[in-house]
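Written below as structure tokens is the structure these notes are about.
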Amino acid sequence: MIPEMQALILTAISIACLHTLTGPDHYLPFIALSKTRGWSIGKTIGWTVMCGMGHVLSSVLLGLGGAALGWSLHKISWFENVRGGIAGWVMLLFGLLYMFWGFYRLYKNKPHKHFDMDNDGGLYVYEHKHNEAVAPQERFKVTPWVMFIIFVLGPCEPMIPLLYFPAAQNSWWGMVVLIIVYTICTLATMLLMVLLGYFGIAFAGIQKLERYVHVLGGVAISMCGVGMLWMGW
């Protein structure tokens with residue numbers, strides 16, 4: 001396996017795990033629904049996997065946009081001699097931009113999805129800002145199918161450059177490997193967190209990292225680009 005693919009696989013693992021661990025919306029709704037509706041462990045796992053697959057599919061479709069760019073450049077003859085370097089610069093620049101965008105969201109305190117339960121055990125989703133104590137004006141009751149739609153409409157943006165490199169290298173197996181690795185790591189992390197919560201294990205400390213998820217994703221992508229350009233990855 002070429003060093004660049006090893007770096008991309010490690011980056012895909014990092015992003016999948018970070019994106020899931022630092023996003024409570026990836027597991028808390030399943031824990032809440034399983035408790036309030038008395039779901040069996042099998043049903044809880046089933047809905048977690050189903051929504052996780054919808055999330056992965058939307059992320060992969062988003063990443064195919066980067067793959068399309070890489071494939072288009074692959075067909076240009078002069079690109080053959082420089083595509084490795086360009087791929088590294090694409091990773092680095094995308095990572096830096098994504099990281100600064102994350103800092104911008106932190107500074108502006110942009111609203112994000114938040115799940116909450118009422119006294120009757122109903123689960124609701126609404127727009128929420130960090131350190132905001134005001135009750136939301138609009139909130140929507142969450143059912144399993146509503147949750148599935150939320151996951152499909154919330155892809156993982158860092159997947160865009162990950163598929164760019166193997167497409168630029170005309171490596172379909174590389175794209176398949178990255179998609180499989182990202183899928184397995186995302187689903188495994190979701191299931192781990194849901195099962196921990198299902199059996200009553202709390203992880204409040206991890207949830208505090210939610211606001212930094214975009215910054216952390218940008219750092220991971222940037223490090224991959226740095227490794228490709230200057231560290232022989």
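Things to note:
- Residues that are at pLDDT below 80 and either touching a helix residue (DSSP H, G or I) at 6+ places or on another chain (Cβ under 7 Å) or surrounded by 18 or more Cβ atoms within 10 Å (Cβ to Cβ) (or both), drawn from region 186-211: Phe203, Ile206, Gln207, Glu210, Arg211
- From the options Leu178, Leu93, Leu106, residue that is loosely packed, with under 15 Cβ neighbours inside 10 Å, at pLDDT 80 or above and at negative phi: Leu93
- Looking only at residues of region 10-35 that are β-branched (Val, Ile, Thr) and out of contact with any Leu (no Cβ under 7 Å at 6 or more places or on another chain), we find that the one that is modelled with the highest pLDDT is Ile13.
- Pairs meeting the criteria (first residue in region 167-182 and among the charged types (D, E, K, R), second residue at pLDDT 90 or above and surrounded by 21 or more Cβ atoms within 10 Å (Cβ to Cβ), beta carbons under 9 Å, at least 6 apart or on different chains) are lacking.
- Selection within region 8-27 - within 14 Å of the chain's Cα centre (by Cα), crowded, with 24+ Cβ neighbours inside 10 Å and not polar (S, T, N, Q): Ala12, Ile15, Ala16, His19, Tyr27
- Selection of region 172-194 for residues being farther than 18 Å from Leu62 by Cα and not hydrophobic (A, V, I, L, M, F, W, C) yields only Thr189.
- Test: residue in region 157-167 that is surrounded by fewer than 19 Cβ atoms within 10 Å (Cβ to Cβ), among the hydroxyl-bearing types (Ser, Thr, Tyr) and modelled with pLDDT of 65 or more: no
- Checking each residue in region 28-65 for being of a type in the set (S, T, N, Q), crowded, with 17+ Cβ neighbours inside 10 Å and over 12 Å from Pro155 (Cα atoms) picks out Ser34, Thr44, Thr48.
The values are calculated or read from the model by the stated rules, or taken from the named source; none is laboratory data. Keep in mind it's a predicted model, so treat the numbers as computed, not measured. Counting neighbours? That spans all protein chains shown, and the Cβs are built from the backbone with ideal geometry, glycine included.
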